[in-house]
Amino acid sequence: MISRKWIVTACIAGATLIGSTGVYAGANLQSISAYLNNGLSIQVNGSAYTPTANGQTLAPITYQGTTYLPVRSIADALQVGVKYDATANQVVINSTPPTSTANGTTSTTSANTSMNTAPITMTTQVFPTKYLPQDIPFPSDAHATSVNEDLAGNGEKQSFIIYTTQEDLVTLGNAYQTYFEGQGLNETNSIIDSDSLSIVGEVEGSYGISIQGNPLPNQPNYNQINFTWTEQPASAD
């Protein structure tokens, strides 16, 4: 069973990454007065459809007589590709449908992709750490911008690493899934696409992990990864 403490730790790691992206976006945002249109229903190809993101229902927004819908959710419903190009600061939509991975997550492809296409090279012992298991792999070009380790209240070891890489998020996410599923990971969240990576889960009685990734808006072709590892002692039951 996944502990409440581990879920809280993973949520904090994800919020940190999202917050850093929001600072960049805020410089180009304009405040408006709009309305959540909860009474508007949506149909896609004749079937009722409710947009969602991260498990939350999204309502259409009405502004000055025009209705706005969440682009990623609608693109997924229409089975077309969508990605965020951080270099040009634009949303790219194309007619190429998303491709399914082995565990049911989806990724999108686009001709407007500047990330590496060569097979990923993963290696171990990239960062000098006291607590992180030395067999956990990282991309060979990983550059750590922050490495913090401490002990939780009950003495559990914790490692928090922020690193950058030029490996694309889909290839990196699939590589991590392959490794951690081989360790017996019980996933509670999995999002793998070209501009968002999120893997959260626990190897019961051993450790929990949270891997959150997004493109770096001020560094073209680079992604930032927040990697959290927390020791999980075996259950007394």
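The values are calculated or read from the model by the stated rules, or taken from the named source; none is laboratory data. Nothing here was measured: the structure is a model prediction, and the numbers come from that model. Reconstructed Cβ throughout: ideal geometry from the backbone, glycine too, with neighbour counts over all protein chains shown.
Numbers below:
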item	result
Complete set of residues in region 38-77 that are among the small types (G, A, S), assigned to a loop (DSSP other than H, G, I, E, B) and in contact with a Leu (Cβ under 8 Å, 6 or more places away or on another chain)	A59
Single residue of region 124-152 satisfying the filter (closer than 12 Å to T165 by Cβ and among the β-branched types (V, I, T)) that is surrounded by the fewest Cβ atoms within 10 Å (Cβ to Cβ)	T145
Close pairs (7 angstrom Cβ cut-off, 6 or more residues apart or separate chains): more than 14 Å from G213 (Cβ to Cβ) in region 136-161, part of a strand (DSSP E or B) and among the small types (G, A, S) anywhere	E149/S159
N28 modelled with pLDDT under 85 and not assigned by TED's automatic domain parsing to the domain that holds T188	yes
Residue tally, condition more than 18 Å from I93 (Cα to Cα), in contact (Cβ under 8 Å) with a residue 24 or more places away in the chain and surrounded by 12 or more Cβ atoms within 10 Å (Cβ to Cβ), over region 36-53	4
Residues of region 54-83 that turn out to be modelled with pLDDT under 80 and surrounded by 12 or more Cβ atoms within 10 Å (Cβ to Cβ), as a count	13
All positions within region 195-214 that are at pLDDT below 90 and either surrounded by fewer than 20 Cβ atoms within 10 Å (Cβ to Cβ) or in contact with a Leu (Cβ under 6 Å, 6 or more places away or on another chain) (or both)	E204, G205
Test: residue in region 225-232 that is under 10 Å from the mean Cα position of the chain (by Cα) and free of Cβ contacts under 8 Å to residues at least 40 places away in the same chain	no
Test for G173: is it surrounded by 14 or more Cβ atoms within 10 Å (Cβ to Cβ) and either of a type outside the set (K, R) or in contact with a Pro (Cβ under 8 Å, 6 or more places away or on another chain) (or both)	yes
Some residue of region 93-116 being more than 20 Å from the chain's Cα centre (by Cα), of a type outside the set (V, I, T) and at pLDDT 85 or above	no
